[in-house]
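Below: the structure, in structure tokens.
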Amino acid sequence: MTGPLQIVLGTISVLFLIVAVVFAYRAVRAMVRIIRTGQPDSTRFGPVGPRLKTMLVESLAHTRMLKWSAIGAAHWFVFVGFYGLFLTLVEAFFEVFDPAFHLPLIGAWSVWNLFVDVIGTGTVLGIVYLIARRQRDHPRRQGRTSRFAGSNFGRAYFVEAVVLVVGLCILGIRAAKIASGLDSAPTWSHPVSSALATVFPDNPDLVSIIAFVKIVVSLAWVIVLSRILNMGVAWHRFSAFFNIYFKREGTSGAPALGPLLPMTSGGKPIDFEDPGEDDVFGRGKIEDFTWKGMLDFVTCTECGRCQSQCPAWNTGKPLSPKMVILDLRDHMFAKAPYLLGEQTASDTAPDYDVLKPSDEQVWASGYARIEGTNDAQAHRPLVGTLEEGGVIDPDVLWSCTSCGACVEQCPVDIEHVDHIMDMRRYQVLIESNFPSEAGVMLRNLENRGNPWGMGGNVREDWMKELDFEVRRADGPLPYEVEYLFWVGCAGAIDDRAKKVTKAVAELLHMADVEFAVLGNGETCSGDPARRLGNEFVFQMLAQENVETLNGVFEGRVPGTRKIVTTCPHCFNSLGREYPQLGGEYEVVHHTQLLNQLVEEGRLTPVTPIDRKVTYHDPCFLGRHNKVYTPPREILGSVEGLSTQEMHRCKDRGFCCGAGGARMWMEEKIGKRINMERTEEALDLDPDVISTACPFCITMLSDALTSKKQNGEAGEHVEVLDVSQILLRSLTPVGVAAPGAESGADVGTKADDVAGLDSANTEHGRQ
């Protein structure tokens, strides 16, 4: 059935294939060379088995994409169609020459035909849905709130059009074959194609024409993306597999949250006691990033999930995790000839005109300030103001709360927080360029061992209001002591947090849990310094604490070196970062321990609390360490208490605004993050906003106080730690307990002593 038409179309197809293969080879080679200019990182390769399993599960099962169910399902069909139907492209090359051609072995197999029909249809419907969603969520409708704000729409439209046309061609070829009597497979194996065949003519040439269109469109896509290396919306189809395989937590499959990685230079951890002369502290130039960081930049799909969840972006600040990655990507490719040695930069930075596409773009997306490959691009600072031509604006860098929402939502495992923190490290340690108010916090940490700058003797003041003696650790702990209670700076110094400390101590005492504290021997865990970017101060504090803790646990085997803490930041540092310095401990959050005690019957809530509570997930307890259930189970154990979730909760929880050392910096841009979160809580008309973090308590309490002053919240509403509510449920009505303050009167007005009868705060169960 080969005629002149088939010969012409087939010849063009083969020539086009040769051109596309050459372009693709050169593009892949160039990209690999660029990525290899990054710093080494030998931690990303093994073990092969678990990493391979993680890659296959995340890609084939779309576990991260399906966090957004409808979009994830649509994308799964497009994904499976791209790879699973690759053989239909191979088949098309032969169908151009011979319309009656079928793949050997499987071409006439009914199962294969059904697979092609179902997945082909799913690909078309899936991409139509994704096209519709992109238009529905377009910035022209949603403005800044659109997750696509800042994405390249021209490239996205091109990719969507290619997928749609190829999907239609797959079904069209089969329908044309059926209409021309060239397909003998049973109708049930291609129901959609059979239905379409009723409108196709009996003309074998049509098969060759549609196959040719499929080939040309597919190869045009290959050539376009080969010419545009920073076209992440297309390249992620290949690079995503590698990015997932090489992810930071490749063995467990968890996202890159929790501990920050130690500072490295040349692929080796920096020895802060004796750093090498050539050691690079943090990321001050694009070439300072590791090859995995550069792979991250290449893989970004521009989907904007990270941006849609970012508390900074959602409150009017210039930080978009997506645009940070895109700026670094575009700068990397623009500077590539210099990185590869193909061009040599001048000794000094030339004069240049800073581009000003728009005020917001210049602010949020710094790459646009200097575009193209030139000496100005080679010399520009990675972090800098508009006048300096910085790729990343300082306001972008310092807006991050390290909440991890971006990393949690990224479908291709980009490690945004690590990259931001590494850039901060350079700014702090090398440039000494950071918000001035944070400098006060650093000096307090260095001189006083706590961010507030209080004397060490205040760490034991909270014990004075307890009616029992709290054991102080002085040397190795006796074996009857089960837990060391790490109080933390906030828990010992901040008045609101001290109430939580007393409540937890009271509960542990009631449950006959033997515990001890370090008292004045405790110092800051170092978390604020590390999140600010001062790794040196973190190392200093952490090493001091590890030495103290190892002394306290001297002689104890693993499994008996137990620590309980009320601060999620300390919980994360002690449990997941101190092992980097030789400190191996079993660290639990107080909600985990208290929930265990309730389950064991050692704490039994007896006093009903007829109040409505909404729970706020602390980022470093929830997203970073995946502790979501224990606080909720504690609240669920309290009789009479009704709970209602905010719409942004658990892994989509919204930050309070204190993380990333933001607790110690002024929030001068946009809306205050704690106000946004408190308003979300107040929308549920709760009596109590509950949480499990001293910083969250401070931020939410401050916002609630402001709302009360403006008459936007009832005077009875309060912010309480989960432990305070539990203690009130264990305390007889009207009897005060340290940390509980007023028995069971949770969220009530002053004249409602028992907390049971206020009409203004009464709610039924939800």
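The values are calculated or read from the model by the stated rules, or taken from the named source; none is laboratory data. Nothing here was measured: the structure is a model prediction, and the numbers come from that model. We place every Cβ from the backbone using ideal geometry, glycine too, and count neighbours over all the protein chains shown.
Things to note:
- Pairs are defined by a Cβ separation below 6 Å, a sequence spacing of at least 6 or placement on different chains, a first member in the range 89-107 that is more than 14 Å from residue 207 (Cβ to Cβ), and a second member that is of a type in the set (Val, Ile, Thr) and part of a helix (DSSP H, G or I); no pair meets this definition.
- Pairs, first surrounded by 15 or more Cβ atoms within 10 Å (Cβ to Cβ) in the range 57-68, second not in a helix (DSSP H, G or I), C-beta under 7 Å, six or more apart: 58/64; 64/411; 65/411
- If you go through the range 580-595 and pick out every residue that is touching an Asp or Glu at 6+ places or on another chain (Cβ under 9 Å) and farther than 19 Å from residue 629 by Cβ, you end up with 1.
- The range 375-406, residues that are free of Cβ contacts under 8 Å to residues at least 40 places away in the same chain and over 22 Å from residue 432 (Cα atoms): 375, 376
- The listed residues are 487, 517, and the only one of them that is modelled with pLDDT of 95 or more, in contact with a helix residue (DSSP H, G or I) (Cβ under 7 Å, 6 or more places away or on another chain) and buried (at least 20 other Cβ atoms within 10 Å of the Cβ) turns out to be 487.
- Per-region count, the range 702-724, residues of a type outside the set (Asp, Glu) and in a loop (DSSP other than H, G, I, E, B): 6
- Filtering the range 542-563 to residues that are buried (at least 24 other Cβ atoms within 10 Å of the Cβ) and not polar (S, T, N, Q) leaves only 542.
- The range 461-481 - residue that is within 15 Å of residue 504 (Cα to Cα) and of a type in the set (Asp, Glu) and, of those, modelled with the highest pLDDT: 469
- Looking across the range 439-459 at every residue that is under 33 Å from the mean Cα position of the chain (by Cα) and among the aliphatic types (A, V, I, L, M), the one that is farthest from residue 521 (Cα to Cα) is identified as 440.
- Breaking point among (1) of a type in the set (A, V, I, L, M, F, W, C); (2) over 30 Å from residue 310 (Cβ atoms); (3) out of contact with any helix residue (DSSP H, G or I) (no Cβ under 6 Å at 6 or more places or on another chain); (4) surrounded by 15 or more Cβ atoms within 10 Å (Cβ to Cβ), for residue 195: (4)
- The criterion of at least 2 residues that are charged (D, E, K, R) and either within 21 Å of residue 593 (Cα to Cα) or free of Cβ contacts under 8 Å to residues at least 24 places away in the same chain (or both) is met by the following helices (runs of 4 or more DSSP H) wholly inside the range 413-515: 436-448, 495-510.
- Qualifying residue in the range 267-286 (condition: among the acidic types (Asp, Glu) and in contact with a helix residue (DSSP H, G or I) (Cβ under 6 Å, 6 or more places away or on another chain)): no
- Hey, residue 130 surrounded by 14 or more Cβ atoms within 10 Å (Cβ to Cβ), more than 27 Å from residue 66 (Cβ to Cβ) and not hydroxyl-bearing (Ser, Thr, Tyr) or not: no
- Taking (1) over 22 Å from the mean Cα position of the chain (by Cα); (2) within 23 Å of residue 704 (Cβ to Cβ) in turn, residue 551 satisfies each apart from (2).
- Among (1) under 30 Å from the mean Cα position of the chain (by Cα); (2) assigned to a loop (DSSP other than H, G, I, E, B); (3) in contact (Cβ under 8 Å) with a residue 40 or more places away in the chain - the single one residue 647 does not satisfy: (3)
- Spans of helices (runs of 4 or more DSSP H) in the range 165-270 with at least 3 residues out of contact with any Lys or Arg (no Cβ under 9 Å at 6 or more places or on another chain), small (Gly, Ala, Ser) and on the phi < 0 side of the Ramachandran plot: 204-227
- Looking across the range 659-687 at every residue that is assigned to a loop (DSSP other than H, G, I, E, B) and touching an Asp or Glu at 6+ places or on another chain (Cβ under 7 Å), the one that is surrounded by the fewest Cβ atoms within 10 Å (Cβ to Cβ) is identified as 666.
- Those residues of the range 240-293 which are closer than 16 Å to residue 40 by Cα and among the aliphatic types (A, V, I, L, M), in sequence order: 261, 263, 270, 280, 286
- Any hit, the range 325-341, residues being within 18 Å of the chain's Cα centre (by Cα), under 23 Å from residue 149 (Cα atoms) and outside any helix (DSSP H, G or I): no
- Of all residues assigned to the range 647-658, none qualifies as being over 21 Å from residue 564 (Cα atoms), among the acidic types (Asp, Glu) and either out of contact with any Phe, Trp or Tyr (no Cβ under 8 Å at 6 or more places or on another chain) or crowded, with 21+ Cβ neighbours inside 10 Å (or both).
- Any hit, the range 733-754, residues being outside any helix (DSSP H, G or I), surrounded by fewer than 17 Cβ atoms within 10 Å (Cβ to Cβ) and at pLDDT 95 or above: no
- The set of residues from the range 214-272 being of a type in the set (Asp, Glu) and within 11 Å of residue 413 (Cα to Cα) comprises just one member, 249.
- Checked against (1) surrounded by fewer than 23 Cβ atoms within 10 Å (Cβ to Cβ); (2) in contact with a Cys (Cβ under 7 Å, 6 or more places away or on another chain), residue 525 meets all criteria but (1).
- Among residues of the range 142-164, those that are more than 18 Å from residue 367 (Cβ to Cβ) and either among the β-branched types (Val, Ile, Thr) or not in a loop (DSSP other than H, G, I, E, B) (or both), counted: 13
- Once the range 114-145 is narrowed to residues that are among the polar types (S, T, N, Q) and at pLDDT 95 or above, the residue that is farthest from residue 81 (Cα to Cα) is 135.
- Members of the range 504-541 found to be of a type in the set (A, V, I, L, M, F, W, C) and in contact with an Asp or Glu (Cβ under 7 Å, 6 or more places away or on another chain), listed by number: 513, 515, 537
- Consider the range 238-268 and keep the residues that are of a type in the set (D, E, K, R) and at pLDDT below 95. The one that is surrounded by the most Cβ atoms within 10 Å (Cβ to Cβ) is 248.
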